[in-house]
Amino acid sequence: MAEFLSLQEAVSQHINNGDTVAMEGFTHLIPFAAGHEIIRQEKRDLTLIRMTPDLIYDQMIGAGCAKKLIFSWGGNPGVGSLHRLRDAVEKGWPNKLEILEHSHAAMANAYEAGAAGLPLAVLRGYVGSDLPKVNDQIKFIECPFTGERLAAVPSVRPDVAVIHAQRADRKGNVLIEGIVGIQKEVVLAAKRSIVTVEEVVDDLGASVNACVLPSWAVTAIAEAPRGASPSYALGYYERDNAFYKAWDGIARDRDTFLSWLKDNVFEKGAA
Amino acid sequence: MSLEFTSSEMMSVTAARALTNDMTCFVGIGLPSEAANLARLTHAPDVTLIYESGTLQTKPDVLPLSIGDGELCESALTTVSVPEMFRYWLQGGHISVGFLGTAQIDRFANLNTTLIGDYRAPKVRLPGGGGAPEIATNAKEVFITVKHSKRTFVKDVDFITTVGFGRDGKARDNVPNIGRGPTVVITDLCILKPDPDTKELVVTSLHPNVTREDVIEATGWEIRFADQLATTPEPTAKELEVLRDLKARTDAHHSAAQSGQQ
């Protein structure tokens, strides 16, 4: 059964230096509050996995939490670059960052294979792309039935999955609504999971086919209202697109970034 | 009297016209999204727009800033998980057109959104592939829209993130279950299409007030022009009005700060 913890306790108990951590949420429900807690607890040498690193990993990379990044699209959506990610890749600041990059289709398949307990995912992908030349985790196999050449990537099996969801009931069952991304897959693929939620309620109010994670499939739940901001939580608050635009200016310069980090992360406690 | 319009508007309107009502379009963010929604709001009200965040048949009132804005989900027929989107809907063969933008494109319509320079020591690191590598091969055909400049239109891309026709124009030959690839490239200067035999991009239509020299000047290889070179029809007053309204609504929506702070 999922254990209800404070965000501070959940991060401290379940995320260790050197862990492989996947914090998912496809544009929607990005677990920013948890990311900030990881920064505050100064976790180090993490291998971070996320399809779209987004601002959350830009912040964590700039804060020095990551040694490696596995991703498939590393930009600020609709705005431009993730400057902290670029600074780490291009200049090694604040530390060298190893990268392993995929396509979205391959990562989505790899998460699903992880949830399914398989060692690999097979897809019709990467045809003619140079990505397999720079990522040794992309191989090609022959279909034993048709002989078709297909791409294979290892499944994603992180130590810890971190996601944000709309709500949990008091037993720890979790409801995810809207763009569900790969939230369910990453939790089921991981050894441990932390789910932050907007609120804990008596009744989830889930429809019969809703995306629900049962309490016994989740390790820890922490209440974190507005925990996905500046991304959004459908039914609670909208995406703060103005902040995504402003981030370009904040993150472009190391000093501006560090001062933002001090004021908005280090000097603010967990919810 | 002819209307006043910018080259960007010319590009968006021309790109929009490439879409028809019966298409199911997997939409990239940015210019493709603008064009696809303009099509939906003008001549193709029933065009099916799909974004990789899982939103099927979506009808946003403002252009999304990201591929997964709430607007896309709330105005969609339904929203599926990301693995389902890529496996069932894209790889399963339900997408007629993939509509993509790019940072670099070469003469064989290969796209680079990964980096400029060498992979291990990049001069400029770009966002990466996202959905494009598989959209380009699993959709039945691909439309590309991008602004024309020498930096963008290069002879050979530094890195093939997403295949057009490969380094030699033959990358799709004898590959089973692969789409036709790029069938049209729409820029702010012209329309290009791959030569049926060599697959090299050829200018088939010049936008109004654009000369051959303008295109030659903005292209990083010896660009060829079709024998029957057309002039792209100008935007109509209706198309310009709808496009400008859409952009104004979008700008107002995305600049409205909610919290300003996290």
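Throughout, read-outs are computed from the coordinates displayed, never taken from laboratory work. Please read these numbers as outputs of a predicted model, since none were measured by experiment. We place every Cβ from the backbone using ideal geometry, glycine too, and count neighbours over all the protein chains shown.
Quick notes on this structure:
- Paramagnetic reach from B:D61 in the stretch A:231-250 [backbone N under 20 Å; point 7 Å along Cα→Cβ]: A:232-242
- 12 Å beta-carbon shell around A:A10, net charge (K/R +1, D/E -1): -3
- Gyration tensor (alpha-carbon) shape descriptor, the stretch B:117-262, a/c threshold 1.5: oblate
- Residue-averaged beta-carbon neighbours from other chains (10 angstrom radius) around B:109-117: 2
- The stretch A:132-196, Cα convex hull volume normalised per residue, Å³: 151 Å³
- Cα-based shape type of chain A, given that a ≥ b ≥ c are square roots of the gyration tensor eigenvalues and the cut on a/c is 1.5: oblate
- 10 Å Cβ neighbours from other chains, averaged over peptide B:158-170: 3
- Gaussian network model of chain A, Cα within-10 Å springs - most flexible of A:A251, A:A105, A:A190: A:A105
- Charge-dipole axis of the stretch A:85-206 as Lys and Arg at +1 and Asp and Glu at -1 on Cβ define it, positive-most pick from A:H164, A:I194, A:A151: A:A151
- Cα Rg over Rh - chain B, Kirkwood: 0.96
- In terms of distances greater than 26 angstrom between alpha carbons, the cross-link table entries A:K68/A:K191; A:K133/B:K155; A:K191/A:K262; A:K68/A:K133; A:K68/A:K139 yield A:K191/A:K262.
- A simple spin-label model places pseudo-atoms 7 Å from Cα toward Cβ; at A:Q41 and A:D203 they are separated by 3.5 nm.
- Among the listed pairs A:K171/A:K268; B:K150/B:K247; A:K96/B:K123, those beyond 20 Å (Cα-Cα): A:K171/A:K268; B:K150/B:K247
- Charged-residue dipole, Cβ positions (Lys, Arg, Asp, Glu), the stretch A:104-154 about Cα centre, Debye nearest 20: 40 debye
- Scaling the Cα radius of gyration of the stretch B:179-224 by the globular reference 2.2 N^0.38 Å produces a ratio of 1.14.
- Taking the centroid of alpha carbons for each part, the stretch A:183-233 and the stretch A:244-271 are 27 Å apart.
- Alpha carbon centroid spacing (whole Å) that separates the stretch B:177-232 from the stretch A:45-87: 36 Å
- For the residues B:T232, B:T114, B:T211, a GNM of chain B with alpha-carbon springs under 10 Å puts the largest fluctuation on B:T211.
- Percent of C-alpha pairs per 10 Å bin, the stretch A:104-154, short to long: 26, 55, 19
- C-alpha center-to-center spacing [the stretch B:53-115, the stretch A:104-131] in angstrom: 18 Å
- Taking a Cβ cut-off of under 13 Å around B:N21, the surrounding Lys, Arg, Asp and Glu residues balance to a net charge of 0, with basic ones at +1 and acidic ones at -1.
- Net charge dipole size for the stretch B:203-260 [Lys, Arg +1 and Asp, Glu -1 on Cβ; Debye, nearest 20]: 260 debye
- Between B:L229 and A:R149, the FRET efficiency from the beta-carbon distance, with R0 = 30 Å, is close to 0.15.
- A:S259/B:R151 FRET efficiency (R0 45 Å; Cβ-Cβ; nearest 0.05): 0.85
- Descending Cα extents along the principal axes, the protein assembly as shown, whole Å: 71, 54, 50
- Sequence-distant residues sharing a close amide H with B:D195 (under 5 Å, placed H): B:E200, B:L201, B:V202
- Three principal axis extents describe the C-alpha atoms of the stretch A:46-189; from largest down they are 47, 47, 29 Å.
- Over the stretch A:169-271, the hull volume per residue, using the convex hull of the C-alpha atoms, is 132 Å³.
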